[in-house]
Amino acid sequence: MVEQEQRNESDPTSESRQQRAGIAAFLTGLLATLAFFAFFPGLPHVIDWGAILVAIAAGGLARWFCRSWMARTAREKDSA
């Protein structure tokens, strides 16, 4: 029980690392999606509100994926 409580308490350095990685993943997803809409052949090279909303959603998805991946690897590292 005590071990489980200790594992739930996050270490400040790992938490800040997760936050920085989440921000980097969000920005990467956002910029990659905006670049896709801006430069993909056949699309009307205009960034409209729909493209901005899709880019924000893609950035959020990238952030969620990054944080879940980091949490999973941390759990595997703790259990090993």
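Brief remarks follow.
- Taking first residues from segment 36-58 that are without any contact (Cβ under 8 Å) to a residue 12 or more places away in the chain and partners that are surrounded by fewer than 12 Cβ atoms within 10 Å (Cβ to Cβ) and outside any loop (DSSP other than H, G, I, E, B), the Cβ contacts under 9 Å between residues at least 6 apart in sequence or on separate chains come to 45/39.
- If the condition is being assigned to a loop (DSSP other than H, G, I, E, B) and within 28 Å of residue 20 (Cα to Cα), then segment 38-49 contributes only 47.
- Members of segment 6-46 that are of a type outside the set (Asp, Glu), at pLDDT below 90 and loosely packed, with under 11 Cβ neighbours inside 10 Å: 6, 8, 12, 13, 39, 40, 41, 42, 44, 45, 46
- Residues that are modelled with pLDDT under 95, under 14 Å from residue 32 (Cβ atoms) and either loosely packed, with under 14 Cβ neighbours inside 10 Å or aromatic (Phe, Trp, Tyr) (or both), drawn from segment 47-80: 47
- With respect to the stated conditions, residue 52 is part of a helix (DSSP H, G or I), more than 18 Å from residue 14 (Cβ to Cβ) and not polar (S, T, N, Q).
The values are calculated or read from the model by the stated rules, or taken from the named source; none is laboratory data. Just so we're clear, the structure is a prediction, and the values are computed from it rather than from any experiment. Every residue, glycine among them, receives a Cβ derived from its backbone with ideal geometry; neighbour counts consider all protein chains shown.
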